[in-house]
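Undergrad: Following this message is one structure expressed as structure tokens.
The values are calculated or read from the model by the stated rules, or taken from the named source; none is laboratory data. Because the structure is a prediction, the values reported are computed rather than measured. Heads up, the Cβs are rebuilt from the backbone with ideal geometry, glycines too, and the neighbour counts pull from every protein chain shown. When the accessible area is computed, the model is the full protein with side chains, heavy atoms only, and any ligands, DNA or RNA have been set aside. Shrake-Rupley method; radii C 1.70, N 1.55, O 1.52, S 1.80 Å.
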Amino acid sequence: AAAHVRSVLSAAIRRHQAWRVALTSFSATQRIAMFILELARRCGSGEQMPFKVPLPMRRGDVGRYLGLREETVSRSLAALQSSGLVAIDPRVVTVLNAPGLQAMLLAE
């Protein structure tokens, strides 16, 4: 039981550190890509593509969460859509290419 608790805490700490890095060094589009991938992980999505990820908040709320303006969130989502990585509906993001989103996080 103690090993499981350590494992869960360790994973939570790694995710928190990744978010800190994202908020300080990632571009707006990279932040949005990370946000979508994190939502997919929490929803258990991602086994097969395409997969749908519900957006639980408005774009302004997403922006505040990620330290971005609402307009920047909208432009970044549009950029991800135009690149063929996602399809955007008002409250759902369909991930068309999860490896492509992951690769964005590694790009500088």
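Undergrad: Go over the candidates S27, S74 one by one and state the one that is farther than 17 Å from L105 by Cβ and either at pLDDT 85 or above or open to solvent by less than 30 Å² (accessible area, probe 1.4 Å) (or both).
TA: Result of the check over S27, S74: S74.
Undergrad: Of everything in segment 77-86 that's out of contact with any Lys or Arg (no Cβ under 9 Å at 6 or more places or on another chain) and surrounded by 14 or more Cβ atoms within 10 Å (Cβ to Cβ), which residue is nearest to A103 (Cα to Cα)? Even if it seems obvious, please write down each step before you answer.
TA: Quick first cut of segment 77-86, residues out of contact with any Lys or Arg (no Cβ under 9 Å at 6 or more places or on another chain) only: 78-86.
Checking which are surrounded by 14 or more Cβ atoms within 10 Å (Cβ to Cβ) leaves us with 79-81, 83, 85-86.
Values: A79: 15, L80: 13, Q81: 15, S83: 13, L85: 11, V86: 14 Å.
For segment 77-86, the residue satisfying everything is L85.
Undergrad: Tell me, please, whether a residue that is of a type in the set (S, T, N, Q), under 14 Å from the mean Cα position of the chain (by Cα) and over 16 Å from S27 (Cβ atoms) can be found in segment 87-95.
TA: Among the residues of segment 87-95, at least one is of a type in the set (S, T, N, Q), under 14 Å from the mean Cα position of the chain (by Cα) and over 16 Å from S27 (Cβ atoms), which makes the answer yes.
Undergrad: Which of the residues belonging to segment 47-68 are in a helix (DSSP H, G or I) and open to solvent by 50 Å² or more (accessible area, probe 1.4 Å)?
TA: Matches in segment 47-68: R59, D61, R64, Y65.
Undergrad: Might you check whether a residue that is hydrophobic (A, V, I, L, M, F, W, C) and either modelled with pLDDT under 80 or farther than 15 Å from Q102 by Cβ (or both) occurs anywhere in segment 33-40?
TA: No, because not a single residue in segment 33-40 is hydrophobic (A, V, I, L, M, F, W, C) and either modelled with pLDDT under 80 or farther than 15 Å from Q102 by Cβ (or both).
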